[in-house]
Structures are given as C-alpha cells and as structure tokens.
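Novice: Handing you this structure, nothing more for now.
Nothing in this text is a laboratory measurement; each read-out follows from the coordinates by a stated rule. On a predicted model such as this, the values are computed, not experimentally measured, just so you know. As a convention, Cβ positions derive from the backbone with ideal geometry for all residues, glycine included, and neighbour counts pool all protein chains shown.
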Amino acid sequence: MTHQILRGLIKVESFTEFIYFKLGTALRKTQKQFNYRYAREYGITVAQSFILFSLLECDGMNIKKLAERLSIDNSAITGLIDRLVKEGLVERRVDPEDRRAFRIFLTDKGCEMAERVYPIAHGFNEQLKSVLTPEQQSALNNLLEVIDRIE
C-alpha cells in the first residue's frame, strides 16, 4: 500500500539512474577486471597494490597517514596490511616518535612486487583513459574531485 501511495505522490526515479549506483557499478566492473589479473598472476588485490605503490613513493608511513592517503578507514587498512605482512611484502616497525604506533615498510619482496605490478596498473589506467577524450577525462577528474569533497 505504501508503495502505491508514494508512486502517486512523487516521481520515482529508478535507482539505476542514481549517480552513486552508476559510480559503484563502474568501480566494481573495473576492480573485477583489475583484481582478476592481479590475483591470478600475483596473488594481491588492487587495494593491496595501492599500499605497495604508496610505500614505493614514501616508505615508512604510519598506518594513519597511509589510510588517509588511500581514503581507507583504519580497520580496513589494518586487514590489508596484515595480509601483506603475512605474504612477506611489508613489515611493521614501531614508530620511534610514538611507541604505540607502527610504521609500514616495504620488504625487498614487496618492492619487487610493486615494481612488477605497477606497469599493469599504469597500463590499465591508460586503457581506461583511451576510451575518453581529453575533455571527458578532465570532466571526469573534476567530477571525482567534487564528489571527494562531499562530507
């Protein structure tokens, strides 16, 4: 009964037209393609690879900074780091500035892995960009920046 009343009072837009539905669908599609190749060939996920790439750029970040950089909450990043530690790709070291915290460092194996998978990530990014005109790329980046600022 409620559904019939709502349909009569307001125009109901299909949820498949919601921007966040479309963004989520696009994200899941690209992650599925990307994760399939990473998992099959290297045994890591996209999220784990972004941790490795971040550490390539700035090894020894604390967990909080790493989570902020990747826009991942602390509990999620902890699980990702746990798996990378288990695989011998990163190691935790006590933060000398705060003995209650840890800094994350690439191991030699982690550095080698990051250097092997980075070309795949870069190539995939280039593949995504290749289907967009420069104007579309700019518009997409602008839209994503606006969405990122939403509280």
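Novice: Specify the inter-centroid distance of segment 31-50 and segment 83-138, based on alpha-carbon positions, in whole Å.
Specialist: 11
Novice: Report, as a whole number in µm² per second, the diffusion coefficient that Stokes-Einstein gives for segment 55-115 at 37 °C and 0.692 mPa s using the Kirkwood radius over alpha carbon pairs.
Specialist: So the translational diffusion coefficient is about 283 µm²/s.
Novice: Could you list which residues have their amide H under 5 Å from that of residue 90, counting only those 5 or more apart in sequence or on another chain, with H placed in the peptide plane?
Specialist: Distant-sequence amide H within range of residue 90: 85, 107.
Novice: Here's a follow-up. Put a dot 7 Å past each Cα toward the Cβ at residue 125 and residue 23; how far apart are the dots in nm?
Specialist: 2.0
Novice: In debye to the nearest 20, how big a dipole does the chain give about its Cα centre with +1 on each Lys and Arg Cβ and -1 on each Asp and Glu Cβ?
Specialist: 520
Novice: Here's a follow-up. Search the structure for amide H atoms under 5 Å from the amide H of residue 101, placed 1.01 Å from N in the peptide plane, and list their residues when 5 or more places away or on another chain.
Specialist: Distant-sequence amide H within range of residue 101: 95.
Novice: What is the gain in length, in nm to one decimal, between residue 109 and residue 85 on full extension, counting 0.36 nm per residue of separation less the C-alpha to C-alpha distance?
Specialist: 7.6 nm
Novice: Which ³J(HN,Hα) values, rounded to whole Hz and listed in residue order, are derived for segment 87-101 from phi using the Karplus coefficients 6.51, -1.76 and 1.60 in 6.51 cos²θ - 1.76 cosθ + 1.60 with θ = phi - 60°, glycine and proline given as x?
Specialist: For segment 87-101, the Karplus curve yields 7, x, 8, 9, 9, 8, 10, 4, 6, x, 8, 8, 5, 7, 10 Hz.
Novice: Okay, moving on. Let's test the formula: R0 of 22 Å, r as the Cβ-Cβ distance of residue 100 and residue 73. What FRET efficiency results, to the nearest 0.05?
Specialist: 0.70
Novice: Net charge within 11 Å of residue 117 by Cβ-Cβ distance, Lys/Arg positive one each and Asp/Glu negative one each, not counting residue 117 itself?
Specialist: -1
Novice: Using only helices, what value at 222 nm comes out for the chain when you add -39,500 (n - 2.57) per DSSP H run of length 4 or more and divide by the total residues, to the nearest 500 deg cm²/dmol?
Specialist: Here the helix-only value at 222 nm equals -22000 deg cm²/dmol.
Novice: In terms of the ratio Rg/(2.2 N^0.38 Å) built on C-alpha atoms, what value belongs to the chain?
Specialist: The reported ratio for this selection is 1.34.
Novice: Compute the long axis of helix 108-130 from its Cα atoms, compare it with the longest principal axis of the Cα atoms of the chain, and write down the angle in degrees, 0 to 90, nearest 10.
Specialist: 30
Novice: At 0.36 nm per residue, minus the direct Cα-Cα distance, what do residue 58 and residue 140 gain on full extension? Give it in nm, one decimal, please.
Specialist: 26.8 nm
Novice: Provide the per-residue ³J(HN,Hα) series for segment 42-56, in order, calculated from phi with Karplus coefficients 6.51, -1.76, 1.60 and θ = phi - 60°, each as a whole number of Hz, with x at glycine and proline positions.
Specialist: 10, x, 10, 9, 4, 4, 5, 5, 5, 5, 4, 5, 4, 6, 4
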